[in-house]
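Read through the structure below, which is laid out as structure tokens, and then see the notes.
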Amino acid sequence: MKFGITGNLDKSEIPALVLALIGVMQSHRVDFVLDDKLTRLLRKHLERQDQRKSISVPENRLPDECDILVSLGGDGTILRAARLVGKHETPILAVNVGKLGFLAEVSQDEAAACLEEILAGKYKIEDRMMLVGSADGFKSTYSALNDIVIEKYGSSRMLTIETYVNEEYLATYTADGIIIATPTGSTAYSLANSGPIVIPSSAAITINPICPHTLTARPVIVPSNSVLVIKLPVAGQKLNLTADGQQARLLTSPASIRVKQAPYVARLVKRLNSNYYDVLRKKLHWGSDVRIRGKGKH
């Protein structure tokens, strides 16, 4: 087994955490590679600890060079890692060096022990559906683990949004935008926009209008094999197409965006005792009774 390591270099905890993980790998004589930016950050430490045998590669080559990619950072770092891996489907071990860490369940303190478990074969892999989107007139495609969002840009005026599912007309929304979310993304922007929580193993896509100017426009869940077309017919409206809140394309209407399930999945490495419902309760305090304080009840 060979590990790759990447992470959010803005986090001050990264150097010590990487060195601890390298120590575990070296004790087991396990090969590993670091993305080149991380190697530059750690150069002095690596030289001092005689760890020059680690191989530095450009980040975009990591999926080809490892069997498991270790992502160090918050949930945003995982989203970026999932897009980096893409069609390679390299499993991702997410270690939380952020705040909430809903996707990154493994804490810094647990990282070394988790690595030991993986080397002993004590882990599981969860496949998470991804989306791919494209806009007419542009060659670029955008992949997302959480969501693809179309929303207004530079104006307080609402958008006119026509939605189609498998070429069948669904509805026209007057809204600030629309969220197309995976089950994984149901606990992200879509949840903040009053969307439902969809269990990650569900084969579904959520269509969630953002602040629609009507009481009847609620989120709609469609099968994961649906092809969605979002049309913005009113000319001259500025809008932003984003994937996981990280990749962006500025568009001007009239515009048409196609979104569908990606032909690949994100494979997340989980500890054997990992339980989605536990994470839901602990991270989002799901089902907690705010009337009961200091009693530890849920």
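Values quoted throughout were computed directly from the atomic coordinates according to the rules given, and no laboratory measurement underlies them. Bear in mind that the values here come from a model prediction, so they are computed numbers and not experimental data. Here the Cβ positions follow ideal geometry from the backbone for every residue, glycine too, while neighbour counts run over all protein chains shown.
Please identify the chymotrypsin sites (Phe, Trp or Tyr not before Pro) of the stretch 223-284 that satisfy two criteria: DSSP loop assignment and at most 16 other Cβ atoms within 10 Å. Which are they?
none
Pull up all non-local amide H partners of V234: gap of 5 or more, or a different chain, and H-to-H distance under 5 Å with H placed in the peptide plane.
Under 5 Å from the amide H of V234: T160.
Could you give the length gained by full extension between S140 and E168, i.e. 0.36 nm per residue of separation minus their alpha carbon distance, to one decimal place? Walk me through the numbers before you get to the answer.
Details: separation 28, 0.36 × 28 = 10.08 nm, distance 2.52 nm.
Working it through step by step, the gained length comes to 7.6 nm.
Beyond 30 Å between alpha-carbons counts as too far, so tell me which of K139/K238; K124/K282; K99/K124; K44/K87; K44/K122 fall in that bin.
Numbers: K139/K238 19 Å; K124/K282 21 Å; K99/K124 24 Å; K44/K87 34 Å; K44/K122 33 Å.
Beyond 30 Å between Cα atoms: K44/K87; K44/K122.
State, as an integer percentage, the relative contact order of the chain based on alpha-carbon contacts under 8 Å between residues 6 or more apart. Let's see the in-between values first.
Values: 635 pairs, mean separation 52.5, N = 298.
Once divided by the residue count of the chain, the mean separation gives 18 percent.
For the stretch 130-263, what's the relative contact order in percent, using C-alpha pairs closer than 8 Å and at least 6 residues apart? Mind dumping the intermediate values first?
Numbers: 343 pairs, mean separation 41.6, N = 134.
The normalised contact order for the stretch 130-263 reaches 31 percent.
Okay, helix-only estimate at 222 nm for the chain: each DSSP H run of n ≥ 4 adds -39500 (n - 2.57), divide by all residues, round to 500 deg cm²/dmol; what do you get? Numbers along the way, then the final one.
Values: 7 runs with 67 residues, N = 298.
Mean residue ellipticity, 222 nm, calculated: -6500 deg cm²/dmol.
Out of residues 5 or more away from A204 or on other chains, whose amide H comes under 5 Å of its own, with H placed 1.01 Å from N in the peptide plane?
So A204 has HN proximity to S224.
Quick one: work out the % antiparallel among DSSP beta bridges in the chain, nearest 5. Provide the component values of the computation, followed by the final result.
Working: 56 of 76 bridges.
Bridges in the chain are about 75 percent antiparallel.
If I fit a long axis through the Cα atoms of helix 108-119 and take the longest principal axis of the Cα atoms of the chain, what angle between them do I get, 0 to 90°, rounded to 10?
With rounding to tens, the tilt is 80 degrees.
Rank the residues M158, M1, M130, M25 as a footprinting-exposure proxy: fewest other Cβ atoms within 10 Å of their Cβ go first.
Details: M158 17, M1 13, M130 25, M25 20.
Fewest-to-most Cβ neighbours within 10 Å comes out as M1, M158, M25, M130.
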